[in-house]
C-alpha cells in the first residue's frame, strides 16, 4: 500500500505496549508468580474481570477489582502492594516519546486511545505525558473500550476528521483489525524496529534513532 504524503492528520496511540511498556500484563505475571499461580491463566482471568466486570469502562472501582481477583484466584496482598506491581511496570519509552515530539512539531495532531482505568491519570501525574496530546480517550472515562468497534467512530467524530485521516497504533491485533474495519490506517505494534519501519512510511521526515 502506498501512503500518500500528509494523508494522515491525526495519530492515535495506545498507551500500554506502545507509548510505554505493557505494565498491566507484566504486573499480573509478577503477581501470579508471587502467588505460585500459572501466569497465563492468571492474566486471562484478570483480563476477563477487567473487561467483563467493567473496571476498564468505569463500572467497577479498583478495590472491587482486586477483591474480585482475590476471591476468584486466591491471591494475597494489599491493594497498594498489588497496584504497585502493575503501575511500577508502566515505563514510558523514551525513544517513542521522541517520535511523538517530532510528530507534534511537524503539526500532526496527536491523541491517546487506551483501554485503561484511572491508573492512566495517576501515571500522567507521575510522568506528565498528557501534555503532548490534544485528546486522551480513556475507556475508564468514556465508558467504552476498544472491544466495541464504535469507539473508533466516536473518536473520529470527536477529532473532526475522516477515518482515512487517522493512523491508529496498537499492540493488540484485534484492536487493529477493528480500526481497519472502520477505515482507519493502522500500525500493529510488534517491536521497536517494525514500528520505526512503519511510521516512516507515513511520515518520511521522522528520524528514528
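Things worth noting here:
- The single condition among (1) part of a helix (DSSP H, G or I); (2) surrounded by 15 or more Cβ atoms within 10 Å (Cβ to Cβ) that residue 67 does not meet is (2).
- Checked against (1) without any contact (Cβ under 8 Å) to a residue 12 or more places away in the chain; (2) surrounded by 15 or more Cβ atoms within 10 Å (Cβ to Cβ); (3) assigned to a loop (DSSP other than H, G, I, E, B), residue 116 passes all but a single condition, namely (1).
- Of everything in segment 43-58 that is surrounded by fewer than 17 Cβ atoms within 10 Å (Cβ to Cβ) and in contact (Cβ under 8 Å) with a residue 60 or more places away in the chain, the residue that is farthest from residue 140 (Cα to Cα) is 51.
- Hey, residue 76 closer than 23 Å to residue 138 by Cα, in a loop (DSSP other than H, G, I, E, B), touching a residue at least 40 places away in the same chain (Cβ under 8 Å) and not assigned by TED's automatic domain parsing to the domain that holds residue 113 or not: no
- Positions within segment 129-188 being assigned to a helix (DSSP H, G or I) and in contact with a helix residue (DSSP H, G or I) (Cβ under 6 Å, 6 or more places away or on another chain), in sequence order: 130, 132, 152, 156, 163, 179
- Only residues that are more than 19 Å from the chain's Cα centre (by Cα) and surrounded by 14 or more Cβ atoms within 10 Å (Cβ to Cβ) were counted in segment 185-200, giving 1.
The values are calculated or read from the model by the stated rules, or taken from the named source; none is laboratory data. Given the structure is predicted, the values throughout are model-derived calculations rather than measurements. Cβ coordinates were reconstructed from backbone atoms using ideal geometry, including for glycine residues, and neighbour counts include every protein chain displayed.
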